[in-house]
Structures are given as C-alpha cells and as structure tokens.
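See structure below.
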There are 2 protein chains.
Amino acid sequence: MPLIEAFRQLLGDTAVLTREEDLAGLTEDWRGRFHAPALCAVLPSTTEQVAAIIRLCVAHDTPVLPQGGNTSLCGGATPSGQGKPPVIVALTRMRRIRSLDPVNNTMVVDAGCVLATVQEVAASAGRLYPVSLGAEGSCQIGGNIGTNAGGTGVLRYGNTRDNVLGLEVVLPDGSVWDGLYALRKNNTGYDLKHLFIGSEGTLGIITGAVLKLHPLPTAESVAWLAVDSPQAALKVLGLFQASCSSRLSAFELMNAKQIELVLEQVPGRRCPVAEIDAWHVLVELSDTGDAAALAATMQTVLEQALETGLVRDGVVATSEAQRKAMWLVRHSVSEANKKAGVGLTSDTAVPVSTVPDFIDQAMAAVRAIVPGLPFIIVGHMGDGNIHLIPFFSFAEWDALPNRDETAQRIRRAMNDVASSLRGTFSAEHGVGRTLTGEMIRYKPPVELALMRAVKQAFDPSGLFNPGRVLPPSSATEVTATSPTNATS
Amino acid sequence: MPLIEAFRQLLGDTAVLTREEDLAGLTEDWRGRFHAPALCAVLPSTTEQVAAIIRLCVAHDTPVLPQGGNTSLCGGATPSGQGKPPVIVALTRMRRIRSLDPVNNTMVVDAGCVLATVQEVAASAGRLYPVSLGAEGSCQIGGNIGTNAGGTGVLRYGNTRDNVLGLEVVLPDGSVWDGLYALRKNNTGYDLKHLFIGSEGTLGIITGAVLKLHPLPTAESVAWLAVDSPQAALKVLGLFQASCSSRLSAFELMNAKQIELVLEQVPGRRCPVAEIDAWHVLVELSDTGDAAALAATMQTVLEQALETGLVRDGVVATSEAQRKAMWLVRHSVSEANKKAGVGLTSDTAVPVSTVPDFIDQAMAAVRAIVPGLPFIIVGHMGDGNIHLIPFFSFAEWDALPNRDETAQRIRRAMNDVASSLRGTFSAEHGVGRTLTGEMIRYKPPVELALMRAVKQAFDPSGLFNPGRVLPPSSATEVTATSPTNATS
C-alpha cells in the first residue's frame, strides 16, 4: 500500500495533509527563509499513532521531520530540499495537559502543548514554569525541548534542559521509550533524557514530557542603570549576584545605539534615565514573599553601586506601569532594529567574565572588514549571551557589493572571536541547517565523532531529520546561508 | 613489551603499583565488602598520561577501572573478580585546581581533587561549590561526576550533574575530548557531558571538569519541628516552598525510632523538641543578605504552620551552637544505627507527593515478610529520597534463618513499591555492581537497549569498567549481594 494511503487508514483523512495549500505553513519557516517540499504532513493525536507513523516511514525508507510550532530561527524544522521529501510529523493535535502535581511541583504534558498554555496552567495552580521567550504564544514544548530553548528566564532558572525531569520519545525504530520519570534524584544508568534534549529531532520524536515547576514569584523589582562600560556592568552584576543570589532574575545589557534606535523607531518609548550616551542595564529581582523587602534589597544594592561610582545613574520602578515601561524598551529592540536597517545578528555566548573582551575584539574584527561600522549591542549579560549586531542603514546595505559574502565574513569574524574565548556560535537558537558548517569549523573532531557515533547508534538508517545538527562526515566546511535581524 | 613494564617506562616506577600491600586500599572498597585482584594500579599525573595508559590497555586488550576516592557504596570502583584483572587508573595525583573565575562563577579542576578541597578553594574566593556529602573529605570530583553524587545540597542546588558545565574525558580509544566549556548557554549538538556524568567509568575516564559556583550564603536559619505524620510534613514542606522559594536548603524527615536510637547510642545528643513520640523535621533556610531578615521569614512560616495545626511543636535555633546541635542529631544517624543493630537500608526516591504512600506501602510489604518489624526512617524529604530502614537488633538478626535471602526479599519488596509509584531503586548511590540485577528488573527493555547502544558506540571493545551499570545482555535477573547499614 502506498505510504500516504497507509497514513489515511491509520489516522483518518483529515490528519494527512498533501495539498500544497494545506502544507504551506509547514513546509516554509515562519520567517519565509526556507522552503522545500514534503511528501505529506501527518497530524497524530496520540503517542501510539506517532509510533505507527514511524514504523510506516521505516518500512517505506522515508525521512521523518518532527515539527512543533515551526518557530526555529535556523531552519531546523522545515524540509531540507535534499534527498527524498520527508514526512512532516506535526504534533499540533497532541496538546493534552496529562497531569499536574502541585506537591511534587511537576506537570506532565503532550509535546504539542503551546508554551504559553503550559505557563498559564502552571500559574493557575500557583506555580511557575519558568521558560519564557518571544515565540511563547505559538512554539510548542516538544520544540522547546528538541532545541533546549533559552529565553529570558535562564539567569535564574536555567535553560529548558534544566526544567525537564522526564521524557516520552518515539524512537527511530518505532518503539516508545517511556522515560516519564518525575524524580529529583535517579542514578540508574546513562541519562538518556539529556541526549534527546537539544537533539533537534535527529534521534527520535519527543511526544511527552515531565516539566519541573517552581514557586510562583509574588514580588518583582526592576531598575534601569546607566553605566560607563561593559566592564562596569560586569562589576554591577557581581554586586547583585553577591547580595541577591537567585533573586536576580534578569540582567540585560544594551548600548547607546540600541537605545537610540528604540526611541527613534518605536512610538511611545522613553529612556528611563537621562543619559542616553551610556551603556544601559535592565536589572530585575523576583521573589516569593513581600514586595517591600525586595524593593529594599534593590535600593541597598543600587546605593552601593552609586557610591562606588560603578553606576552613573539609576532608577527603580516604583509602580507596575514603570516596570512595564522599562521592559517595553527592552522588548522593543527587535521591532526597532528591523525598521531601522539591516543588522547581522549573532547568537554567541562566552564566559561572563570575557563579555567586555568579546565585545572589543569582535567589533575590531568586524571593523577590519567594514571600517567604522556601527554596532547595536543587546543581550543577556548574566548568561554571557550577547547579540552583537553590526548595523547597516538600508542605503548602505544596498550599496554594498557582495552582500552575502560580506555578511558571511562578518559573522565568521564574530564567531571566530567567540571561539578564541572558548565561547559558542549558538547559545540558544540551535544548529538546524544554517550552522552545520560552523559545527565543522569550531567543534573538535573528537567531539563530532562522538556525536556521529550517537546518531549512528540511535538512528542507523539516518531517516530522522537528515542533514540537521551534524553535517555529513564527508563534508568540509561550508558557508552557511545567512538569516538576518533575529534578536531575542 | 609487557604492559606493566610499558607503564613503568611511561610513568616511572613509583606510579605503578603491583605489590599486594600497595594495592590493598585500591582493590577493596572502603567498607571491606568487595575485594578482587587487579593487574596493577597506575597513578597518572596528567591527562596525557591517562591517554597513553588507555592506549596501552587497548593494545593489550586489558580492562580499565577508573577510580577516585573509592567511596562507592555499591562496588562501582573496585575490581569485579570476573574476566581479566583490570588496570586500576587512580587519579590521586591529578589534584590541581586549574583555575577559578569568580566573575564567571566557575572553577576548572583536575578530576582527582578531593571534594572538600574544592569546597574550601571556592569558599576562599567567596563562592560556594554546593555539593556536600558524608565522604567529602576523601571522595574525588571525578568520582562525584562519574556517579552524579547527591548529598545534602540537592534540594536547593541540584545533584552534581547540575553543577558541572564542562568535562575533559579520555575516551576508550585513548583520544581526549576537551569539552571544558564554561558557558551557561551552548546549543551546538548533542549534550555529551550529561552522558558521561553518572556513567560510572563505563564510557571513558573523566580527567577534568568545569564546576559551577554560587554566591556564598551569609545567613542561615535552622528549625526543628515535631509533626504528626509524613502527610503533615509534606504540607509543611509546601508552606516553606511557597514562602521561601530557593532559600529552602534542607528539609529532612526522621521518625521517632530514629530519634530514639540517636539519643540512646550517641552520647551528648538531645532532642530539640519535647515530644520524641512524633515525626521530626529539620528545616534549614540559607541566603545571602542579612541574618535577621532570614530569621524573620523562618518565624513567620513557622507561626503559620503552628496556627494551622500542621506542626505540634517547633524550635528555631537562636545561636550557632543550637544550629550545630540540631544538625548533629541528623548527622548522628549512621553512627547510631550501626551501633544499635542491623538495618537493611534502601536508596529509593519517589515523587515527593507520594512519600507518605511509599512509607505506608513499603512498611506493609516488608511486614508481610517479617511481621511487626520496626523501621528507622530518615531521608531527604524535599527530594523524595527516603531511606526506609527495616531494623533488627543484633540478637534478632543472628536468630534469623536465611539472613541473606530475607535481606534480599525485604529490599526487593521496598524497591517494588518504589517502582509501582514510578520511583527509583537508586536515587543517589548509583548502580555499580550490586544493582545490575535491579536494572533488569525495573528498567523498560527499550531503555536498557538504548543504554547498551550508547555503551557499544563509545566502548565497542567493552574494556571500560566491565559489568558495571549494564548487566550483560544475556543476563536475566540476578539477586544482588547485600550491603547493609549505609545511611546518608
């Protein structure tokens, strides 16, 4: 029986999409950068259906592409256009909250649950699911786990990896691993869970997960600081860490150029401090317990920082409206940067202590390519994850000869500096298809060989999301195609 | 050239131990339960020497046994007595602190560093390395990582796994993986680090690590509570979590029998509350910032718990001496239990919400084997990790027919109950050689097959710590030999 017919018998007609108009949202990524045909898309409702789908794909020697909310920034979840067109397994219909245990602080969910839904369900039980990111209204838990999504909660709560206790996975042979453990301690053999987390659909399809919940914070305090340099910002970060420990929930760095663009491009935004010509830090504390104590802590640390001259100026939000206004400036950077011109963003992370060196050296390396180029700088300083964005006006960009090549050289220059500081070229977005060349350039051959051995052990036929994460072992370094302007 | 001669040329004579008296501390575990011969022990000083040792072992087709402080509770680090005697690779001479970065909050260490040394070096830089356990004066970081050691810091800071950012590993082919990343975010392929953590020396030898440091707490508050039942203790845990969030750093449960034994057996101990005939909880808060605020928080939550009737009686330590006295009661349990009789301890963990059910059901299951048997109960309730200890006086134990078989049946009964609640038979001690039979009994075949595929991919010759973690694939369930009386 042909594969598509077998899917129809298994799932019913409405769960098998083959017409181009039905597939449109699945075969192209949300930014419209990658598009390639799929054999079909299937919409299973249960783990058993996913397993049956995989067994059919194996029998027909047909590649499998797991897809969540399709919000990847690096082309990880759309067809590659190489080899046989894949079957897209979209988990949209698998969105049950299977259970929530407020005493164990866990919830068990289908992989297709939307992140925002998970956050809401947790909050309604007085708990926090702490992963939070721009795409939370449409991205799915399975995709979050498959890519080990980061976002704004990492400083305090870690990445997605740190908030998953157990997994259910359909393996490349169609069997199901029920690893839905809800335990804080379990030392019984190799930790398979962490191998699937961040594997971008190349080792199996995640169909369910046990998520770790946290107490819901009841108090927040937000301040905006003007500082002289990234070095000064780093010292202020140290003060907050020493005094506030895990109450420190955000420490975001922006340069003057970034603030200028937000004020220029986004109506209604204003700079919380008088001095735009500085480096800016948004700092947030959050805690259970009462708000007055937290505000007092913020005040104490801020006074310390002002006295020692580390901070030029600082404003503490005294109302919910002020807190929101400060965050709005931070959250407006993507919109502002897109409107203003062309930014060649990077997703590097380096040890936190080397962030100032990274900024200096990477700017110098880029300006050796394009002298005098301005930079937008914005990032999660507390995680060492700085988005350094060489910035062109539209006119400058259009006038540039060899745009693609220049973009490549600029990105490569920044990643080379990150690598020289033992940093990474992909802090939170993953590898997908755009960065497999970087895997060859920056990963030690021993590490690549181990990853290939894992892939071979789990998916010997190579049917799962082929070409993602690991380049073919015969490949030499390839220049990546270039997405622009993504700022998180 | 014979292997031992080759080792001498490589390392010098003093780094190759072959005489029985020199090997005595290495071929037997610290409790004297397991003993078997080794070919020799080698004491490398550098990662390069470890790599050269492994290449020689491979060339001579000789098994390799990595050994840290030899404090395993399940026979994971001494020769098995099966197959060829192994080469013990003891990392005792590799104890350099390679670097400490107080701004990035990381330190890089040789795997042979003793845990207590790491804690001290971190503290002298105003930082906390939070893993803490009974053997910390002699256990080594490499062994901690190889077994994903738990201990008393897990509730707040997680297991060893959660405090390691990067690893250096000599692989079974003698190559070196330099994965010494010191990054908070790094999404570039499969997370190999987590595969080595907890692999008990079966996938390679960990030679170095990047450890995560935390702000050093400056305030502590400890209280002792008397409650009516594990259910009540669970509700009190919920109160503390909601009010104190990550300031809650210990929540230890003990039953009346445990308190009685400590008072009887260990001179100078006294019960902090009047009512011995109750369940007892030691709760600790710790924080940066000032002690008065933390004490006030403790007082507020305690008053809440008293008002709602959840707590019968509660005492907050008002001095360092009182805090120490409370912890001394908790830390005296191993000594007391050893002196008093024979306890058949378990290392189960279950979801925190099911701890009371686990206690009830496991006691009933054991008493179906030995009617009326008393139980010592002590454990890390906040982690769901309860050591349930069926307890015999020496006279009762000596009078017992078929002691080994009874011990086996009792342990099995407790592990069966844990398993039925989706718990684990090894929360923090690992599998080693004693629990491979449990792996077959409790792990789904799909999970075992994945673990075997990983082992095959990393160590195709099977020379690394053979027989540990994974039983041979032909093995059927084997009854484990029985260690007794370990309580952590």
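Could you state the angle between the C-alpha long axis of helix B:256-265 and the longest principal axis of the C-alpha atoms of chain B, as a value from 0 to 90 degrees rounded to the nearest 10? Relative to chain B, helix B:256-265 is tipped by roughly 70 degrees.
Give, rounded to the nearest 20 debye, the magnitude of the charge dipole that the protein assembly as shown has about its Cα centre when Lys and Arg contribute +1 at Cβ and Asp and Glu contribute -1 at Cβ.
Numbers: 80 positive and 96 negative charges, 171 e Å.
The calculated dipole for the protein assembly as shown is roughly 820 debye.
Distances between copies of residue A:404, taken at a point 7 Å out from Cα along the Cα→Cβ vector and listed shortest first: 7.2 nm.
Across region B:176-239, Cα-Cα pairs more than 18 Å apart make up 63 percent of the total.
For region A:219-331, what's the relative contact order in percent, using C-alpha pairs closer than 8 Å and at least 6 residues apart? Relative contact order here is 46 percent.
Could you tell me what a quarter of the Cα convex hull surface of region A:341-429 works out to, in nm² with one decimal place?
Details: hull surface 21.0 nm².
Projected over every direction and averaged, the Cα hull of region A:341-429 covers 5.3 nm².
Relative to the longest principal axis of the Cα atoms of chain A, the long axis of helix A:355-367 makes an angle of roughly 80 degrees.
Please state, to two decimals, what the Cα-based radius of gyration of chain B comes to when divided by 2.2 N^0.38 Å (N = residues). If you can, show how the numbers build up before the last one.
Numbers: Rg = 23.2 Å, N = 488, 2.2 N^0.38 = 23.1 Å.
So chain B has a normalised radius of gyration of 1.00.
Histogrammed with a bin width of 20 Å, the alpha carbon distances of the protein assembly as shown distribute as 13, 44, 35, 7, 0 percent, first bin at zero.
With label points defined 7 Å past Cα in the direction of Cβ, position residue A:174 shows copy-to-copy spacings of 4.4 nm, given to one decimal and shortest first. By the rule of a C-alpha distance below 30 Å, with chain neighbours fewer than 8 residues away ignored, the lysines paired with residue B:339 are A:185, B:257, B:324.
Neighbouring Cβ atoms from other chains, within 10 Å of the Cβ of residues in A:446-455, number 6 on average.
Inter-label distance, residue B:24 to residue A:1: 7.3 nm, where each label sits 7 Å from its Cα along the C-beta direction.
For residue A:370, the distances from its label point to the matching points in the remaining copies are 7.7 nm, ordered from shortest, with each point set 7 Å beyond Cα toward Cβ.
In terms of its C-alpha gyration tensor, region A:25-67 has an oblate overall shape, because the principal axis ratio a/c (a ≥ b ≥ c, square roots of the eigenvalues) is not below 1.5 and a/b does not outweigh b/c.
In degrees, nearest 10, range 0 to 90: what is the angle between the Cα axis of helix A:403-420 and the longest Cα principal axis of chain A? For A:403-420 against chain A, the angle is about 80 degrees. Each Lys and Arg Cβ is given +1 and each Asp and Glu Cβ -1; about its Cα centre, region A:341-464 then shows a dipole of about 340 debye.
Per residue, the convex hull around the alpha carbon atoms of region A:82-175 comes to 129 Å³. When the alpha carbon gyration tensor of region A:219-331 is reduced to an equivalent ellipsoid, its three semi-axes come out at 22, 17, 11 angstrom, largest first.
None of the figures in this text is laboratory data; all of them are computed from the coordinates on show. All figures in this text were calculated on a predicted structure; none of them were measured in a lab. A quick note on method: Cβ atoms are made from the backbone with ideal geometry, for glycine too, and the neighbour counts reach across all protein chains shown.
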